[in-house]
Amino acid sequence: MAAVKVQILGNEYLLRSSASEGQVRRVAAHLNAQINEVVNGSNPSSTLAAVVLAALNITNELLQLKDSQERFYKEIEANTERLLDKIEEQS
């Protein structure tokens, strides 16, 4: 498990993760960008408020992606069932 130094809101953090260094940096950069977007867009009352708002935005993105993925899997399943029915009809 490697340690990776990253900066978030100007503070340095040493993160240990089983993920690759590139992935850890990507995650930290995304979080930092989301927090900065909140700070620049809504002028929150504190750093904690900015972090919470950024976490809410990221969580919303994640849940939307999960919903989209679930719809996609259901569509694939329905298409597969239709194809199997057509194959069985032709046999």
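Observations, loosely collected:
- Residue 38 vs. criteria in contact with a strand residue (DSSP E or B) (Cβ under 9 Å, 6 or more places away or on another chain) and part of a helix (DSSP H, G or I): no
- Residue tally, condition touching a residue at least 24 places away in the same chain (Cβ under 8 Å) and either of a type in the set (Ser, Thr, Tyr) or in contact with a helix residue (DSSP H, G or I) (Cβ under 6 Å, 6 or more places away or on another chain) (or both), over region 29-49: 3
- So residue 71, is it surrounded by 12 or more Cβ atoms within 10 Å (Cβ to Cβ) and at pLDDT 95 or above: no
- For residue 12, the stated conditions do not hold, so it cannot be described as of a type in the set (Asp, Glu) and either part of a helix (DSSP H, G or I) or modelled with pLDDT under 95 (or both).
- With respect to the stated conditions, residue 52 fails to be in a helix (DSSP H, G or I), without any contact (Cβ under 8 Å) to a residue 12 or more places away in the chain and touching a helix residue (DSSP H, G or I) at 6+ places or on another chain (Cβ under 6 Å).
- Residue that is farthest from the chain's Cα centre (by Cα), among those in region 12-29 that are within 22 Å of residue 59 (Cβ to Cβ) and of a type in the set (Gly, Ala, Ser): 17
- Region 31-68, subset within 17 Å of the chain's Cα centre (by Cα) and β-branched (Val, Ile, Thr), residue surrounded by the fewest Cβ atoms within 10 Å (Cβ to Cβ): 59
- Residue in region 1-28 that is surrounded by the fewest Cβ atoms within 10 Å (Cβ to Cβ), counting only those that are charged (D, E, K, R) and in contact (Cβ under 8 Å) with a residue 12 or more places away in the chain: 16
The values are calculated or read from the model by the stated rules, or taken from the named source; none is laboratory data. Worth saying up front: this structure is predicted, and the values here are computed from it rather than measured. All Cβ positions, glycine included, derive from the backbone under ideal geometry; neighbour counts span all protein chains shown.
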